[in-house]
Amino acid sequence: MSRRGSFDADTFYAALDATRIARGLTWKKVAGEAGVSASTFTRMAQGKRPDVDSLAALCMWSGLEADAYITPSAELAEPLAMISTFLRSDPHLSVEGATALDELLKAAYARMKKD
């Protein structure tokens, strides 16, 4: 069974289009406001996925959440990966602090993990 989820680029593009129409904007204007190239929308209209930086910019511009367009796999993400992500996104930790905690938790996890 696959552990990968999939991103529904077509539905995301449709949601962006609805947002664009509701705001009365052209795709060129959306590109300028979101900080992405206009060709991003051409590629998306052809069924291609946006690159990660464009996806982030478009989510910020639109208020859409990328998670809403991801079809999860049957299995959950590894807990250690989720913890690492949370640590690195914590605004109260420095990069060095998050890295140190991440390394500490990985070492403890490896030692205590059931085989």
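The values are calculated or read from the model by the stated rules, or taken from the named source; none is laboratory data. All figures in this text were calculated on a predicted structure; none of them were measured in a lab. Positions of Cβ are generated from backbone atoms using ideal geometry, with glycine treated the same way; all protein chains shown enter the neighbour counts.
Points to keep in mind about this one:
- Being in a helix (DSSP H, G or I), out of contact with any strand residue (DSSP E or B) (no Cβ under 6 Å at 6 or more places or on another chain) and modelled with pLDDT under 95 is a property that holds for residue 110.
- Exclusive hit being in a helix (DSSP H, G or I) and either β-branched (Val, Ile, Thr) or under 19 Å from the mean Cα position of the chain (by Cα) (or both), set 101, 87, 64: 87
- Test: residue in segment 86-100 that is loosely packed, with under 14 Cβ neighbours inside 10 Å, of a type in the set (Lys, Arg) and modelled with pLDDT under 90: yes
- Test result for residue 56, among the small types (Gly, Ala, Ser) and within 15 Å of the chain's Cα centre (by Cα): yes
- Given (1) under 18 Å from residue 10 (Cα atoms); (2) at pLDDT below 95, number of the condition residue 57 does not satisfy: (2)
- Condition check for residue 80: modelled with pLDDT of 95 or more and either over 16 Å from the mean Cα position of the chain (by Cα) or surrounded by 14 or more Cβ atoms within 10 Å (Cβ to Cβ) (or both): no
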